[in-house]
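To keep things clear, I will list the structure first and then write my remarks on it.
The values are calculated or read from the model by the stated rules, or taken from the named source; none is laboratory data. Since this is a predicted model, take the numbers as computed values, not measurements. Note: ideal-geometry Cβ built from the backbone for every residue, glycine included; neighbour counts use all protein chains shown. All accessible areas refer to the heavy atoms of the entire protein, side chains included, with ligands and DNA or RNA removed. Shrake-Rupley method; radii C 1.70, N 1.55, O 1.52, S 1.80 Å.
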Amino acid sequence: GQCTLVCPTGALIETPQWHEVMHTLDTHRRVSAVQVAPATRVAIGEEFGMPPGTVSTGRMINALRKLGFDYVFDTNFAADLTIMEEGTEFLTRLKSGKHLPLFTSCCPGWVNWVEINRPDLLPHLSTTKSPQQMHGALTKRGAFARSLGTDFTQGKKEPYVVSVMPCTAKKDEALRPGVSGDIDHVLTTRELARMIKARGIAFNALQEDGEFDNPLGESTGAAQIFGASGGVMEAVVRTAAHFTGQEEALPLEWHQLRGVTEGVKEADIPGIGKVAICNGIAAAQRMLLIDSWREEYVAIEVMACVGGCLGGGGEPKSMDPKVLQKRMQAIYAIDRNTPRRRSYENRDIQTLYAVELEKPNSHRAHELLHTSYAARHSKRLLLMRFLDCVDRRDA
Ligand code: SF4
């Protein structure tokens, strides 16, 4: 029978989909493309007995090609794009003073929580789609992706698009109204490991030399750090410093925003304002209890999982108490060793704006790369409200 896996944030029960993905790849009626999130490459090795923090990017790419994917892309390309769009949105809000602080929106566990529990906060959420959804939209519908060549879709309207995520809630995100259709199937890191094992691929024996396909594969160090709590905000600050002419004056690395154990982290960014990181949904819930966050911060990152995506519900389970630290160190090591470390320096992103999107937050960018949110009422919440009413009536 089918097993289910539980997301630690309570966002979703995971339904494995890897059998369907294998079937589609085997029948091979459409060109297939896969994108992989940053937290997967520093954790998948653990499923094959490697120590936590082993970086397996090249080996993982080779495994995906052996599984039959025609194109292997990097979600990080879209993480850089998220920063361009969200950074611009942030600076526009700073100028107008409206809907501040801005809350990040790339974690579906957090977005779901706001829609269900605090719909009053919806105007604060960035409208920028998550990297997974941006990458899917570009691969399916973007002119830039079609520039890969006529073979990319082989006469079919769109390719078959799969994503590999550290996250069970990303399966739910792919079905959200407004973005549904950008991604065909979402696999967790663990599901990918199962596919590799089921196909008898000797992961440990693969070479570490695999490379992502381009042009949806290039990324900067800023995109790599999306996988760790505080990474999205640090990436935003790096690019905002450039947009506000402070690149020379401000540091590239913001160590106050890093770490997997602290609840709320903060930094005062000269010329921009104070920013905060909520490391885990409980930290956000605590922060929201006291209204001072409205005045104190200009931007707040929330990741539902402690540690960020590297602690996601789709990552390998580990008995090592330092597993999150080790994965985090691996992520920052990739950042340090990447030649370009600010999102706007991504040359393919520059080309994408030149050939298709014009500029960040343009009309076309909004069409492909932004989304909207709506209040949702959970049955549990409605029941609680009903019982509350009955209580009061009886009192
Ligand atoms: Fe998913 Fe990352 Fe959010 Fe966890 S923090 S729910 S892994 S997007």
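Between ARG65 and LEU175, what is the label-to-label distance in nm when each label sits 7 Å out along the Cα-to-Cβ direction? Distance between label points: 3.5 nm. Pairs of Cα atoms nearer than 8 Å and 6+ residues apart set the relative contact order; for region 221-327 it is 26 percent. Modelled spin labels at THR244 and GLU266, positioned 7 Å past Cα toward Cβ, are 1.6 nm from each other. Surface composition of region 5-372: carbon and sulfur make up 53 percent of the accessible area, probe 1.4 Å. Per residue, the convex hull spanned by the alpha carbons of the chain comes to 154 Å³. Between beta-carbons, use under 10 Å as the cut-off and find the net charge around HIS99, counting Lys and Arg +1, Asp and Glu -1. Combined, the nearby Lys, Arg, Asp and Glu give +1. Placing a label point 7 Å from the Cα of ILE116 along the Cα-to-Cβ direction, the residues of region 162-180 whose backbone N falls under 18 Å of that point are 167-177. Sequence-ordered 3J(HN,Hα) estimates for region 290-299 from the Karplus curve with 6.51, -1.76 and 1.60 and θ = phi - 60° stand at 10, 5, 5, 4, 5, 8, 6, 10, 9, 8 Hz, glycine and proline given as x. Distant-in-sequence amide contacts of LYS274, defined by a placed amide H-H separation under 5 Å and a gap of 5 or more residues or a different chain, comprise ILE269, VAL298. Among the lysines of region 93-222, pairs at least eight places apart or on separate chains and with Cα atoms under 20 Å apart come to 8.
For the options SER32, SER219, SER292, a Gaussian network treatment of the chain with springs between C-alpha atoms closer than 10 Å singles out SER292 as fluctuating the most. Could you please report the charge total around GLN256, scoring K, R as +1 and D, E as -1 over all other residues with beta-carbon less than 13 angstrom from its beta-carbon? Surrounding charge for GLN256 is -3.
A cut-off under 9 angstrom between Cβ atoms defines the neighbours of ILE196, and their net charge, with Lys, Arg +1 and Asp, Glu -1, is +3.
Karplus-derived 3J(HN,Hα) values for region 81-87, using 6.51 cos²θ - 1.76 cosθ + 1.60 with θ = phi - 60°, are 5, 4, 5, 4, 6, 6, x Hz; glycine and proline are entered as x. Projected label points at ARG194 and GLU20, each 7 Å from Cα along the beta carbon direction, are separated by 1.3 nanometres. Working from the Cα coordinates of region 78-211, the gyration tensor eigenvalues give, after taking √(5λ), semi-axes of 32, 20, 15 Å in decreasing order.
Estimated purely from DSSP H runs of n ≥ 4, each contributing -39500 (n - 2.57), the mean residue ellipticity at 222 nm for the chain is -11500 deg cm²/dmol once divided by its residues.
Taking amide H positions as modeled 1.01 Å from N, with prolines and chain starts lacking one, the residues under 5 Å from CYS167 and 5 or more places away or on another chain are THR189, GLY314.
Computed packing ranks the peptides 194-207, 37-50, 357-370 as 37-50, 357-370, 194-207, most packed first, by mean other Cβ atoms within 10 Å.
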